[in-house]
1. Answer yes or no as to whether SER154 is touching a His at 6+ places or on another chain (Cβ under 8 Å), at pLDDT 95 or above and under 15 Å from ASN69 (Cα atoms).
2. Does the stretch 32-49 hold any residues that are in contact (Cβ under 8 Å) with a residue 24 or more places away in the chain and either touching a Cys at 6+ places or on another chain (Cβ under 8 Å) or among the hydrophobic types (A, V, I, L, M, F, W, C) (or both), and which are they?
3. Considering only the stretch 80-107, state which residues are modelled with pLDDT of 95 or more, among the aliphatic types (A, V, I, L, M) and out of contact with any Pro (no Cβ under 7 Å at 6 or more places or on another chain).
4. Would you mind listing the strands (runs of 3 or more DSSP E) fully within the stretch 229-286 where at least 3 residues are surrounded by 17 or more Cβ atoms within 10 Å (Cβ to Cβ) and more than 20 Å from the chain's Cα centre (by Cα)?
5. Which one is farthest from ASP182 (Cα to Cα), of the residues in the stretch 7-30 that are of a type outside the set (Ser, Thr, Tyr) and assigned to a strand (DSSP E or B)?
6. Every residue in the stretch 103-121 that is over 20 Å from THR142 (Cα atoms) and either β-branched (Val, Ile, Thr) or assigned to a loop (DSSP other than H, G, I, E, B) (or both), please.
7. It is to be established whether one or more residues within the stretch 31-53 are more than 17 Å from ASP182 (Cα to Cα), assigned to a strand (DSSP E or B) and of a type in the set (A, V, I, L, M).
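The values are calculated or read from the model by the stated rules, or taken from the named source; none is laboratory data. The structure displayed is predicted, hence computed values, not measured ones. Cβ coordinates were reconstructed from backbone atoms using ideal geometry, including for glycine residues, and neighbour counts include every protein chain displayed.
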Amino acid sequence: MQLDMFGKKRYKVNLHTHTTLSDGRKTPEEVIELYRAKGYDAVALTDHWYYGKGYDANGLTVLSGAEYNSITGDCRDGVYHIVGIGMNYEPSLTVSASPQKIIDEIHRAGGLAILAHPAWSLNTLEQILPLENVDATEIYNTVSGVHNSRRPDSSLIIDLLASNGRFYPLVADDDAHFYDNDNCVSWIMVEANDNSSKELCDAIRKGNFYATQGPEIHLCREKDNFLVQCSPCQKITFYSNSVSLRTFWGDGLTEARYELPPDVCFIRAEATDQNGNSAWSNIIPV
């Protein structure tokens, strides 16, 4: 647990990772100890089509989880990877289930449904917009930027979705498989009373978190202004449906203010430090 710049309790959480129970290269026990050593308070073991129960691993919360991926690998047919976390029991699913069926069954089991790496999957608006009750999506997916993958950042599709009125909470995850340079890179900082599964899932459901690779970021609206407060960074950018972005540059930036432009339907922010590590706020609809 850490205290943020406002003195609120924050828990470091990775919601997407793989083990030898599917296509990961480390055992569940090894993964848990690896993340524990890096100061994580909770992880979800989300092996493909393998429901992992939640439990307390000596103070580190293991959230129940699984990743349910479509059987096609052709983006023209729709590639859907949906991560379920916090489920009370294994969802009733087969590998032929539609993405909407997967979402519905995750919810039926009491869990959260996260649309994974839409950029890596080459998901289009036409594929995503018909989906109902998606709880969050990944703005950054670490493994999608290593080895033979090069589409880790889903900012573009997220901004297109928001421009069409779909304001998903934004998570950053590792989706670690190789455990060489794809683990302990991207996570969320959750504002919660403790790191129990219920508290964390309730907070994630409410959007009480920010996504990060290290920097702290907070975005709020003050009448016709948007304010970012962050740990020292070199760049702060405000994103919206406008094609003209607003970026502030400087050494040790800890604040930036942006006056609401006309015809904007959402604002989100990203802060990047001197090492190239980013943090992403959630979206504020206008």
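1. When the stated conditions are applied, SER154 does not pass them.
2. Hits for the stretch 32-49 are ILE32, LEU34, TYR35, LYS38, TYR40, ALA42, VAL43, ALA44, LEU45, TRP49.
3. VAL83, ILE85, MET87, LEU93, ALA97, ILE102, ILE103
4. Passing ranges, in order: 246-259.
5. Filtering the stretch 7-30 for residues that are of a type outside the set (Ser, Thr, Tyr) and assigned to a strand (DSSP E or B), the one farthest from ASP182 (Cα to Cα) comes out as LYS9.
6. Residues satisfying the conditions are ILE103, ILE106, ALA109, GLY110, GLY111.
7. yes
For (1) in contact (Cβ under 8 Å) with a residue 40 or more places away in the chain; (2) crowded, with 16+ Cβ neighbours inside 10 Å; (3) in contact with a Gly (Cβ under 7 Å, 6 or more places away or on another chain), each residue gets a yes or a no:
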| position | (1), (2), (3) |
| --- | --- |
| GLY65 | yes, yes, yes |
| ASP77 | no, no, no |
| ASN88 | no, no, yes |
| PRO91 | yes, yes, yes |
| THR94 | no, no, no |
| ILE103 | no, yes, no |
| ALA109 | no, yes, no |
| PRO130 | no, no, no |
